[in-house]
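The values are calculated or read from the model by the stated rules, or taken from the named source; none is laboratory data. On a predicted model such as this, the values are computed, not experimentally measured, just so you know. All Cβ positions, glycine included, derive from the backbone under ideal geometry; neighbour counts span all protein chains shown. Note: accessible area is taken over every heavy atom of the protein model, side chains too, but ligands, DNA and RNA are not part of it. Shrake-Rupley method; radii C 1.70, N 1.55, O 1.52, S 1.80 Å.
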Amino acid sequence: MAYDADVIVIGAGLAGLVATAELAAAGRSVILLDQEPEQSIGGQAHWSFGGLFLVDSPEQRRMRVRDSRDLALQDWLGTAGFDRPEDHWPRRWAEAYVDFAAGEKRAWLHRLGVRFFPVVGWAERGGYGATGHGNSVPRFHITWGTGPGLVEPFERRVREGVARGLVSARFRHRVTGLGRTGGAVDTVSGEVLEPSGAPRGTASSREVTGAFEYRAQAVVVTSGGIGGNHELVRAQWPERLGTPPEHMLSGVPAHVDGLMLGIAEAVGAHHVNRDRMWHYTEGIENWDPIWARHGIRILPGPSSLWLDALGRRLPVPLFPGFDTLGTLEHIMRTGHDHTWFVLDQRIIGKEFALSGSEQNPDLTGRSVRDVIGRARTDVPAPVRAFMEKGADFVVERDLSALVRGMNALTGEPLVDEAALRREIVARDREIANPFTKDLQVTAIRGARRYLGDRLIRTAAPHRLLDPKAGPLIAVRLRVLTRKSLGGLATDLSSRVLTAEGEPLPGLYAAGEAAGFGGGGVHGYRALEGTFLGGCLFSGRAAGRAAARAVA
Ligand SMILES: Cc1cc2nc3c(=O)[nH]c(=O)nc-3n(C[C@H](O)[C@H](O)[C@H](O)COP(=O)(O)OP(=O)(O)OC[C@H]3O[C@@H](n4cnc5c(N)ncnc54)[C@H](O)[C@@H]3O)c2cc1C
């Protein structure tokens, strides 16, 4: 039977674009399918902040950060906590990925025209022992141009492939089945959806106008994770994280529906580590939503006081930006879905970054003038907009009014003003205490020793009740779904494996659908900025391996 192309790639997100670009560069013909309209090309990566995990980079060195491949691997393994037989390939991927991040990753991207913001961020700081969870040093490199800046070179290469007649991009093609001939996966079938002018990121119609079936020598699944499908997130929610929250925000568009994973399973692929997921605890409702239940993640500096729903401080070391899943686990034990940041204008102005390309017009638009302008304003415009219009924000001059506002927002008198005042007064007293037993105050002082934090991420320690730092602000935080850490099991060539650990002939997977490599390169937890890089690395491996296989 004749083939329609050498390779079919399912999903035009970052991983699919990278794989397609590699295939076209090797001279292979590709059919690239996506259920969304063309204007949504790039998938989640378009919306992303563009944060990339790099190790021992020139940007780090300029910021006086000493990093190494060995330290990064120690951090990765301490964070991942690999402990299952299924972790054989994820661990191998982790080692290869750290080598990539410490080796050719930056130079490869640089050659493609990708540049980085000079101040390196420090995400997931850990707070446990040296071999435990977290980044020992800052490693979060923000792409100049954020997510769109990272998608750009790969989209360009794919469009060049289209112009050369090698790539046929077919949007509104929704895959519903995979088929095998003589054991090898070679058939992709599905529904053609009606044309859609839905703006990027918004839900497009699922009205079916036809059917398709294509055949190729190899098929690459790059369909993303499950974060937009709350039913699936709840069904796969691990016991160790308690009961899934009743109310969750969505950190991803609706097309991140996870359905393709079941379709791959039906043809023999092994879907592993599905209970491992990466959701954020600092979600706020977007006052100007693009997709349903659209939540924005705050990337916080370390100074906000983090309180549970009853106004009690979260335990050490669950400070803002230290341990995402440790915090989630704790919250789900409190019996409430929400927590609070209590802070002041001085802190919000310096320490709130909002994740998402559209929330950072200065970096996304590559405007040096606007970036400098942001550093000079009291509160950056996108954050100011949330203070003024966000449903989760309470802004008041004094603590009594703030607590009244917090209780009014939840409709229950859960926070006791006297208890909170006692806590804040005691915390404020520690600011003048050079010794202090308050480890958050120690952490703030530690952060300020890093030039990058001192410049743009950590406010100078001060009393929260100092009127000059006000007004006071309380932000209600909710759980926001984002990434699947598990996925289709793959070997280092991105070949999909069966439950017996054998390659399933013809089938490859990359990006979030493959747990960013191996079916879960992160293990239980992530160091951040590792997802986009995981798409680049596994998408490239899939494209190169499939190109070799169909030669
Ligand atoms: C707001 C935001 C900020 C982020 N910030 C960062 C960051 O700073 N650093 C970082 O490392 N990561 C970040 N991420 C995560 C990262 O962007 C994603 O994990 C990554 O882009 C996933 O890419 P992907 O190609 O695997 O999947 P996706 O981008 O989800 O693309 C999958 C594509 O497959 C298509 N598809 C799915 N099923 C089918 C089907 N059955 N038939 C046809 N097509 C199908 C979808 O329509 C979609 O276009 C962020 C994500 C978001 C949303």
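Of everything in the range 22-57 that's within 15 Å of Glu155 (Cα to Cα) and among the β-branched types (Val, Ile, Thr), which residue is nearest to the ligand (Cβ to nearest atom)?
Among those that are within 15 Å of Glu155 (Cα to Cα) and among the β-branched types (Val, Ile, Thr), it is Ile41.
For Ser355, state whether it is closer than 15 Å to Pro320 by Cβ and hydroxyl-bearing (Ser, Thr, Tyr).
Yes: the conditions hold for Ser355.
Looking only at residues in the range 182-213 that are surrounded by 12 or more Cβ atoms within 10 Å (Cβ to Cβ) and over 32 Å from the mean Cα position of the chain (by Cα), which one is nearest to Ala269 (Cα to Cα)?
By that ranking, first place goes to Ala184.
Which residue pairs have Cβ atoms under 7 Å apart, sit 6 or more places apart or on different chains, and have a first residue in the range 404-432 that is in the same structural domain as Arg476 (by TED's automatic domain parsing) and of a type in the set (Lys, Arg) and a second that is outside any helix (DSSP H, G or I) and open to solvent by 60 Å² or more (accessible area, probe 1.4 Å)?
Going by the 7 Å Cβ cut-off, there are no qualifying pairs.
Anything in the range 217-242 that is within 25 Å of Leu32 (Cα to Cα) and not in a loop (DSSP other than H, G, I, E, B)? List them, or say none. Spell out how you get there, then give the answer.
Residues of the range 217-242 that are within 25 Å of Leu32 (Cα to Cα), as a first pass: 217-229.
Scanning the range 217-242 gives Gln217, Ala218, Val219, Val220, Val221.
I'd like to check something: does the range 156-170 contain any residue that is polar (S, T, N, Q), in contact (Cβ under 8 Å) with a residue 24 or more places away in the chain and within 11 Å of the ligand (Cβ to nearest atom)?
No, because not a single residue in the range 156-170 is polar (S, T, N, Q), in contact (Cβ under 8 Å) with a residue 24 or more places away in the chain and within 11 Å of the ligand (Cβ to nearest atom).
When you look at Pro289, is it within 14 Å of the ligand (Cβ to nearest atom) and free of Cβ contacts under 8 Å to residues at least 24 places away in the same chain, yes or no?
When the stated conditions are applied, Pro289 passes them.
List every residue pair whose Cβ atoms lie under 7 Å apart, where the two residues are 6 or more positions apart in sequence or sit on different chains, the first residue falls within the range 512-535 and is under 17 Å from Trp108 (Cβ atoms), and the second residue, located anywhere, is outside any helix (DSSP H, G or I) and open to solvent by 10 Å² or more (accessible area, probe 1.4 Å).
Qualifying pairs under 7 Å: Gly529/Ala123; Gly529/Phe140; Leu532/Ser48.
Condition first: touching a residue at least 12 places away in the same chain (Cβ under 8 Å), assigned to a helix (DSSP H, G or I) and away from the ligand (no atom under 12 Å from the Cβ). Can you find one or more residues in the range 243-259 that meet it?
no
Given the condition within 22 Å of Ser223 (Cβ to Cβ), open to solvent by less than 10 Å² (accessible area, probe 1.4 Å) and within 16 Å of the ligand (Cβ to nearest atom), answer yes or no: does some residue in the range 97-116 qualify?
yes
For Glu282, which of the numbered conditions (1) in a loop (DSSP other than H, G, I, E, B); (2) of a type in the set (Asp, Glu); (3) buried (at least 18 other Cβ atoms within 10 Å of the Cβ) fails to hold?
(1)
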